[in-house]
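Working notes, beginning with the structure itself.
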Amino acid sequence: MGEDNKTINRRCFLRDSLWGASLVGLGMVAGAAARKHKKTDLIWQIDPYLCTSCTNCATYCVLEESAVKCVQVYAICGYCDFCPGYFELGASVLEPGAENELCPTGAITRTFVEEPYYEYTIDESLCIGCAKCVKGCAAFGNGSLFLQVRHDRCLNCNECAIAMACPSGAFKRVPADQPYLLKGESHA
Amino acid sequence: MDQITGKANTRLLVGILIGLAVMVAVMAVVRLDVIGRKGNGLGKGFKYDIEELTRVDPALIVYEESADAIETGLAATHGIAVDSKGFIYVAADRAVRIFSDRGVILGEIELAEPAGCLTVSTDGNLFVGFKDHVEIYDAQGQRQASWDSLGTNALLTSIAAQGDDVFVADAGNRVVIRYDVSGNVLGHIGKKDSFRNVPGFVIPSPYFDLVVSRDGLLRVVNPGRRRVEAYTFEGDIEFWWGVSSVDIEGFCGCCNPVNIAVLPDGGYVTCEKGLVRVKVYDSEGQFAGVVAGPSQLVREGECRVCDLPEECQAGGFDVAVDAAGRVFVLDTIRNNVRIFTKIEGR
């Protein structure tokens, strides 16, 4: 009798095969769904071509320190001695100092490269995303400075407070695997 | 009886408290600003405010708009030229359109690719600068020649023809190329050379203009140094003029002026971006007056800088002058041509 129980007949074989195939199929469907879900995860980002540098990003974020920061695309930057994103337009001398610098929080560092070129770097720990430098760079320079949501800080709220306060509709949902909307080299 | 009064008072108190709480909640909701209507609360120091700098003393304005603007009907205009007959040529993405000074379309030359700059020689040939090469068209719009490419880094932004010479400003390679009319390269001008005291061109953005002046020298804008430099055709630097300043006499920002034209009296008209100003300098480079300031050029009644990047990047207006000294300003945002004439007595 015991031997009979272990005998695999055609019916059992078909039933077990069907179960196995069903489990594999379910696994595949679940895997595909998980993959698809991961691929279509959306996060907030600023379209730099729609941003009007209105300054709302600095204060409307739910975080005490906004998740929006200024970024610099070096391929577009002109490395100007008179950087309109760094200096006040009426700066009397091209030297660092609060009286000459545009950034209210001193978040941009100016480093000499070679005459007459300088490199400008954003210190994100000081940047509050007010976009004052963005406005100067866009109006007078190449627009290499612009705002982006930094995803090491952003909580990715379902209803982003800055997006609601954005007057130009520059806040967008983008795929999580392409989290930044950077200006291309052709922009300059 | 006292007990009943006490209960009644407690109920009244609770009712008042609930009422107050509801009122506070309603007020909080009403006052809540989730869409940025009330501003962001940042102080004055966070605002990019250059309104004061956009104001131009009316006494310095020596030109007035003398005709209706010519609507080109083109998209993405880049350059303007005026020939000896007073015809106006406007280069755009896929065409050069020719207008009379009254705005009547006289012809159009279709192009295979975007044109960045153009000039008309005294014999009526049209030289068109594309990204990396030059093409020549006759007065009927037939292509006569296409010169060799200057390579992938080239970005031609200005062209001038004088006699047998053609000068092309290449912003990508930061150099001026001297050609003969057949397209043979005769030399390069402006490469950094300490032995010849040539400082080199600093071109942070794609604006790099040149003209041949009435004194027989080439005037090349060195925008990153905010000045205009004079070169011989052989490439020797003679002198320069222009100061870096936000004041009306100077050129401000990272890179100005963006375009230049020669007046019949040997003076110059310059065009700046950022603070969009068209100004006049005499033949020695001394400031002589303003053709139009930001309030006249950017948006009527508004002294402001651009908002959107697209608008900012298209903000490098071009300028041309006819034989009568009228100044033609190509508004590359609205794609029209504004005509200014000198005010008599100024």
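The values are calculated or read from the model by the stated rules, or taken from the named source; none is laboratory data. All values derive from a computational prediction rather than experimental measurement. Backbone-built Cβ (ideal geometry, glycine too); neighbour counts: all protein chains shown.
Some points to look at:
- Scanning region B:210-223 turns up no residue that is in contact with a strand residue (DSSP E or B) (Cβ under 6 Å, 6 or more places away or on another chain), buried (at least 20 other Cβ atoms within 10 Å of the Cβ) and not in a strand (DSSP E or B).
- Only a single item in (1) touching a Ser or Thr at 6+ places or on another chain (Cβ under 9 Å); (2) closer than 19 Å to residue B:235 by Cα is not met by residue B:133, and it is number (2).
- If the condition is being at pLDDT 95 or above and touching a Phe, Trp or Tyr at 6+ places or on another chain (Cβ under 8 Å), then region B:298-327 contributes B:319, B:320, B:321, B:322, B:326, B:327.
- Filtered by the rule that a residue be in contact (Cβ under 8 Å) with a residue 40 or more places away in the chain and touching a strand residue (DSSP E or B) at 6+ places or on another chain (Cβ under 6 Å), region B:75-102 gives B:77, B:78, B:79, B:80, B:81, B:82, B:83, B:88, B:90, B:96, B:99.
- When the criteria are applied in full, residue A:50 meets the requirement of being farther than 21 Å from residue B:245 by Cα, of a type in the set (A, V, I, L, M) and at the interface with chain B (Cβ under 9 Å from one of its Cβ atoms).
- Filtered residues of region B:204-234 (kept if within 14 Å of chain A (Cβ to nearest Cβ) and out of contact with any helix residue (DSSP H, G or I) (no Cβ under 6 Å at 6 or more places or on another chain)): B:205, B:206, B:208, B:222, B:223, B:224, B:225, B:226, B:227
- Top-ranked residue of region B:32-65 - restricted to ones that are modelled with pLDDT under 95 and of a type in the set (Ser, Thr, Tyr), ranked as nearest to the chain's Cα centre (by Cα): B:54
Results for (1) within 29 Å of residue B:214 (Cα to Cα); (2) among the aromatic types (Phe, Trp, Tyr), shown as yes or no for each residue.
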residue: B:61; (1), (2): yes, no
residue: B:64; (1), (2): yes, no
residue: B:76; (1), (2): no, no
residue: B:82; (1), (2): yes, no
residue: B:124; (1), (2): yes, no
residue: B:127; (1), (2): yes, yes
residue: B:135; (1), (2): yes, no
residue: B:141; (1), (2): yes, no
residue: B:152; (1), (2): no, no
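- Residue satisfying condition, being more than 8 Å from every other protein chain (Cβ to nearest Cβ), among the aliphatic types (A, V, I, L, M) and either farther than 30 Å from residue A:157 by Cβ or free of Cβ contacts under 8 Å to residues at least 24 places away in the same chain (or both), within set A:134, A:73, A:62, A:113: A:113
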